[in-house]
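Chemist: Sharing a structure, written as structure tokens. Questions coming.
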Amino acid sequence: MIAGPATALPSDRKILPSTGVQLRAFQSLDELAQLRLEWEKLLSSYPLATTFSTWEWLSSWWRAFAGEQQLLVLAAFSCNSELVGLLPLSISRLHVVQRFSLKLLRLMGDGSSDSDNLDLPMRPGYEEQIAAAFIEYLGRNRHHWDVCQLNTLPVGSPMAIAVTTLLQRASWMVVRQQRVASAIPLPGSFEEYRSRLSSEDQKNLARYSRRLEKRYATQIYRCADASQISAALEAMFRLHQARWQAVGKTGSFAAEERRRFYYDLSRLLLDRGWLELWVLELNGEVAAVQYAFRYGKTVFQLQEGFDPSRSSDRVGFVLRGRVLESLISEGVTKYDFLAGEPGYKARWSAELRHYNDLHFARRFSLGSIYLQTVSGGKSAKEWLRVHLPKSAWAALHHAHLRIRGSGGAER
């Protein structure tokens, strides 16, 4: 649980002689906006860049969900003042037990269950220098954070690999985990893609499409104008909520901040030509909506809604088939379902993938105790007894017992 504001790390504009790169801290969106052009140039050179690392996504997310978190984006510059890396972070309080909390450093965009594939984009060849500068920065500012959680990192993230290597070399406490994801690799033609589906689903795509067109005035379209966004989003909110409330769950769009986030994000994505907001109408009424966005040759599927009273018409099934057919014709090579168990997605020939979570803390710290306790490995007591000097173990063990016994002291 995250609670309460945290004290921000101080800005650091000094050249770090041990790394050869300069880190600058940006602590507001207004400051960060100054980097937009250089930021976009950096992403164009980063092979793993996605929508989730763009200004459009992260600024929209921050305006909607930041709350009492404090922004800390570390920008890395080369000796000739070129932006070569970006570490979008935030600081908050991680509530541990009763009144005791830890200072949490995590990726900007994490915490609302909307962002996947968050990353630390960098120019190829600079990963080791930037990782060293990052670790050095954290070491010098050790009193301003306790635990760092870098969640939903893409497999193969150069910065994540470089940071992990340095952390292990320094004997910091490191916990790595995976979370399941799935995606469809798309071929060059829709016919080739259809051949990957079961014979039943191949027949159903044609059968239910024909049935809809026979029974209703059917229209399927992608929102291409700002005037279409509001109606499409409101329909998706309503349909999505109806589906989940029918099974006794709250639904993703009960929160006003999430609705606001989708509105702000959609306008920015549309301006860039990245929005993939698809609608299926029957007799002029919206029956299904799919919310996705494009980056390069990948489309990321984020949310959807369909009329539960139209379940026998398979409106969501038909809409996805039409969307995939259109995307393949436009040269899209991957349809990414993002995090979550494959489930029904497997029938669309989605392949199992995963994201990496990297959590770490300094040696001999309460952050280490916390990570060791929740990691599911050896107990904190066993690990600390092995790694800490006797005097440090005695002091931390006493503090840990006091925290557990009293609920912790107010900071």
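Chemist: Tally time: how many residues in region 115-167 are out of contact with any strand residue (DSSP E or B) (no Cβ under 8 Å at 6 or more places or on another chain) and surrounded by fewer than 18 Cβ atoms within 10 Å (Cβ to Cβ)?
Modeler: The total comes to 13.
Chemist: Since Arg258 meets every condition but one in (1) outside any loop (DSSP other than H, G, I, E, B); (2) closer than 21 Å to Asp116 by Cβ; (3) at pLDDT below 95, which condition does it not meet?
Modeler: (3)
Chemist: In addition: Residue by residue through region 259-269, note down the ones that are touching a residue at least 60 places away in the same chain (Cβ under 8 Å) and over 17 Å from Thr51 (Cβ atoms). First the steps, then the outcome.
Modeler: The initial filter retains those residues of region 259-269 that are touching a residue at least 60 places away in the same chain (Cβ under 8 Å), namely 260-261, 264-265, 268-269.
Within region 259-269, just Arg260 meets the criteria.
Chemist: Please determine whether any residue of region 27-47 is touching an Asp or Glu at 6+ places or on another chain (Cβ under 7 Å), assigned by TED's automatic domain parsing to the domain that holds Glu136 and assigned to a helix (DSSP H, G or I).
Modeler: Of all residues in region 27-47, those touching an Asp or Glu at 6+ places or on another chain (Cβ under 7 Å) come to none.
Within region 27-47, not a single residue is touching an Asp or Glu at 6+ places or on another chain (Cβ under 7 Å), assigned by TED's automatic domain parsing to the domain that holds Glu136 and assigned to a helix (DSSP H, G or I).
Chemist: So which residues in region 221-243 are over 10 Å from Gly305 (Cα atoms), out of contact with any Phe, Trp or Tyr (no Cβ under 7 Å at 6 or more places or on another chain) and surrounded by 15 or more Cβ atoms within 10 Å (Cβ to Cβ), if there are any at all?
Modeler: Residues satisfying the conditions are Cys223, Gln228, Ile229, Ala232, Glu234.
Conditions (1) among the hydroxyl-bearing types (Ser, Thr, Tyr); (2) assigned by TED's automatic domain parsing to the domain that holds Leu83; (3) over 28 Å from Ser44 (Cα atoms), marked per residue:
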{"site": "Ala133", "(1), (2), (3)": "no, yes, no"}
{"site": "Val155", "(1), (2), (3)": "no, yes, no"}
{"site": "Met159", "(1), (2), (3)": "no, yes, no"}
{"site": "Thr164", "(1), (2), (3)": "yes, yes, no"}
{"site": "Ser171", "(1), (2), (3)": "yes, yes, yes"}
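Chemist: I'd like the full set of residues that are small (Gly, Ala, Ser) and either within 26 Å of the chain's Cα centre (by Cα) or modelled with pLDDT under 95 (or both), limited to region 327-337. Reasoning before the result, please.
Modeler: Start the filter on region 327-337 by keeping residues that are small (Gly, Ala, Ser), which leaves 329, 331.
Answer for region 327-337, where residues must be small (Gly, Ala, Ser) and either within 26 Å of the chain's Cα centre (by Cα) or modelled with pLDDT under 95 (or both): just Gly331.
The values are calculated or read from the model by the stated rules, or taken from the named source; none is laboratory data. Not measured: the values here are computed from a predicted model. Cβ atoms come from the backbone with ideal geometry, glycine included; neighbour counts cover every protein chain shown.
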